[in-house]
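Structure, as structure tokens:
The values are calculated or read from the model by the stated rules, or taken from the named source; none is laboratory data. All values reported here derive from a predicted model rather than from experimental measurement. Ideal geometry is used to build each Cβ from the backbone, glycine not excepted, and the neighbour counts take in all protein chains shown.
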Amino acid sequence: MKGQIWGDELNDFESLELRVSKLEAETHELMGNLNAITLEQVRSETKLDIVLASLSELKEGLESLKKRPGQFWDKLIVALISAACGVLVSLIF
């Protein structure tokens, strides 16, 4: 009877040891997966930063293109006014 108790305890200990071993292996695998996810997140953040920087540059370029026609008309009006003033001055003198 006493040998049976020790045998059961030994079986329980071996069973627990096996379970701990499996849990350690699963934990190791989970940590590997977590590291892979972390690396992928860093890559994604880097790509997102690049996309945002490019978007900002495109926005600035678009703003400068929007200002161009206005600058053209400003120059044209200044040229017309200057020409008109030149004609008036030449008529007077």
remark   = Note: among S90, S56, S82, S15, just one is among the polar types (S, T, N, Q), loosely packed, with under 10 Cβ neighbours inside 10 Å and at pLDDT 80 or above, namely S90
inquiry  = L76 - would you say it is in a helix (DSSP H, G or I) and either in contact with a Cys (Cβ under 7 Å, 6 or more places away or on another chain) or at pLDDT 90 or above (or both)?
reply    = no
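What tally of residues in segment 59-73 results from selecting those that are among the aromatic types (F, W, Y) and modelled with pLDDT of 85 or more?
Here the count works out to 0.
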